[in-house]
Amino acid sequence: MALKHYFNTVFKFFVFVLLCYVFYRQWSAVPSFEILHSAFLSDLSRSEWLLLAAAIFFMPLNWLLETLKWNTLLKPDVHLKLWPAFKAILSGVTVSLFTPNRTGEYAGRILLVEAQHNWKAAIASVMGSFAQILVLTGMGVLGAAGFLYVLPGSGHRFLYAVALSGLLPWLAALYLYFHPVLLLSLSQRLPLPKRLGNYLKPLNVISKWSKAELGKVLVLALLRYLVYGGQYLLVLAFFGVSPSLWQGISGVATIFLLQTGIPLPPFGALLARGEIALMVWTVFDANEIAILAATFVLFIINLSLPALFGAIFIFKTNVLKSIGYDDKQEKE
């Protein structure tokens, strides 16, 4: 029992140290931090603080929509109440900060799910991410077309070619999303060793999702996209960056598309996000300091704060039990 307690303690301490290290690396990578801090205080002293308050207010809604997405996909096999599911989502945010493109999100979520449902929870997470990527890329293609339209020297033929080149693969991915049994059928036909085939049995859960449930998940993904897109525009407005409605929509969609398509390193994601934002918003003659400040503040609101709460939930979890090592029969 002492060994198990030791493992739990070491694991949680490791998560705490990694989280502190990630925050340190992200914050130290931000150029001219003192200038960004001054810009933040300057804008906070004016009436624009309401814009920042609105962006913070929408943060729980952002992750609540993600929780509803995940829970909808879990329902055929796992009945998880909203609050435990929400805690699992935030735990996933914590672990995701240590991994490229936040792939550790899946591992973080299963820490707060019963061991017998770990595979199902992971598969539901992957499908939920697929739905979100569909929305990001679909809106991104349209946004990139609008962004290219305002660039000097962008002809209409080139514009249509770019839009169509992204639209056709997107339609194919959308068809696959609503027919996931095609993936199940493919996995069953592969000449895999029997032992490996047993590991693929949890994939049977995808055959239980109805098109109505998948459609609901896609709508929730779209609503979540609108929420964090709106948050981005609110934070930009707080720092004095106020593009026109069309410029704002196309710019945000383009940035999200690039962030989805470019692998972001775990310890330099904030810097990469800032560079992408600068590349897009400076086309509209936006202030560079304001752009970086908005990127930094949005990172804090939507990732850093949820990660802190997620870490608290992980610290209260029996990690060994969550991965299938049950110690009920043993005494202290």
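Just so it is clear, none of the values below were taken in a lab; they were calculated from the coordinates. Computed from a predicted structure; not experimentally measured. Here Cβ is always computed from backbone atoms with ideal geometry, including for glycine, and neighbour counts include all displayed protein chains.
Post the alpha-carbon centroid distance, region 279-298 to region 228-245, in whole angstrom. That distance is 10 Å. Would you tally the net charge around A221, using a Cβ to Cβ cut-off of less than 12 Å, leaving A221 out, and scoring K and R as +1, D and E as -1? Value of the local net charge: +2. For the residue pairs K87/K216; K75/K120; K12/K69; K12/K81; K12/K120; K69/K316, alpha carbon separations beyond 20 Å are given by K87/K216; K12/K69; K12/K81; K12/K120; K69/K316.
A cut-off under 15 angstrom between Cβ atoms defines the neighbours of L271, and their net charge, with Lys, Arg +1 and Asp, Glu -1, is 0. Listed values for region 271-288 are Karplus-derived 3J(HN,Hα) couplings in whole Hz (6.51 cos²θ - 1.76 cosθ + 1.60, θ = phi - 60°), namely 5, 5, 4, x, 5, 5, 4, 4, 4, 7, 6, 5, 4, 9, 6, 7, 5, 5, and x replaces Gly and Pro.
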